Amino acid sequence: MKGAFVGDIIGSAYEWSGMKSSVFPLHVPRSHATDDSFMTAAVALAFGRARKEGLPETQEVLAPLLCREMRTIGRRHINAGYGHIFKKWLLSDAAGPYGSFGNGAPMRVSPAAWYGRSMEETKKLALISASVSHNHPSAEKAAECVAGCIFMARQKASKAEIEAYLRRFYTLPDSLEAARDKEPKDATCDGTVPDALLCFLAAGSYEETVRNAVSLGGDSDTLAAMAGSIAEPFFGIPQHILAWAEPLFTQEMKAALALYAENTAGDK
């Protein structure tokens, strides 16, 4: 999950900037956590509290927990960059899923791959995490794909194996250059997830992955969060990046990581 947090923080300073280069300062004074990190933390806390309490990890049990955590944290950080309709969802206790195909589902899905103990369980958790708001087929597909890639990376799958999996869901751009040439105004799942996946596939490190994501010039915090969430278990995050990024983690992000560590303390 740190991969999503750090990618979000790095991308935050360059969102919709039109950046078309991978050469830029990773850490600038305006770097900060955005809605991507807060909703990832909310999903992680919901899954973590259910796991700690031994609750059935079903739609009926997890959906209310997800809504509670997302709304509690979202309202605490209401100006963190949420889309207009999702912000209304956060502010309404009665709002249900509204068929969104925006990239909010895949950007917050990484906890599904860390709490999932199998690919099947990862898929189930990914779809539940999307269902509370982003229940459009393209959002469900994106959540399943990104979570599956993260889980495979955690299981030490090769890049070729991960690529074969993700190509079951998407046709990727021909190259990073082709992705950079697109007009960077898209925040939909179908418009951003393939690009984020390519940023990981074309990279040789975590840092290169997030630099690729920012260099597309668009929704850079979300692109870097998604790409970074796969790059973390595959490459690892360099200590020099964590050294400046972790102090920018908020209370909610730290709590989500601590609860995950507590829940998995006995795992091998």
Being of a type in the set (Asp, Glu) and touching a Phe, Trp or Tyr at 6+ places or on another chain (Cβ under 9 Å) is the filter; apply it to region 184-223 and report the residue that is farthest from Phe5 (Cα to Cα).
-> Asp190
Quick one: in region 220-268, of everything that is in contact with a helix residue (DSSP H, G or I) (Cβ under 9 Å, 6 or more places away or on another chain), acidic (Asp, Glu) and over 14 Å from Ala33 (Cα atoms), which residue is least open to solvent (accessible area, probe 1.4 Å)?
-> Glu232
Being in contact with a helix residue (DSSP H, G or I) (Cβ under 9 Å, 6 or more places away or on another chain), of a type in the set (A, V, I, L, M, F, W, C), open to solvent by 40 Å² or more (accessible area, probe 1.4 Å) and within 16 Å of Ser229 (Cβ to Cβ), is that true of even one residue in region 110-118?
-> yes
For region 62-141, which helices (runs of 4 or more DSSP H) that fit wholly inside it have 2 or more residues that are touching a Phe, Trp or Tyr at 6+ places or on another chain (Cβ under 8 Å)?
-> 84-91, 110-115, 119-131
Has region 195-203 got any residue that is open to solvent by less than 10 Å² (accessible area, probe 1.4 Å) and under 19 Å from Ala126 (Cα atoms)?
-> yes
Taking region 154-164 and keeping residues open to solvent by 20 Å² or more (accessible area, probe 1.4 Å) and without any contact (Cβ under 8 Å) to a residue 60 or more places away in the chain leaves Gln155, Lys156, Ser158, Ala160, Glu161, Glu163, Ala164
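The values are calculated or read from the model by the stated rules, or taken from the named source; none is laboratory data. Only a predicted model underlies this, so the values are computations on that prediction, with no experimental measurement involved. Positions of Cβ are generated from backbone atoms using ideal geometry, with glycine treated the same way; all protein chains shown enter the neighbour counts. These accessible areas exclude ligands, DNA and RNA; they are computed on the full protein's heavy atoms, side chains included. Shrake-Rupley method; radii C 1.70, N 1.55, O 1.52, S 1.80 Å.
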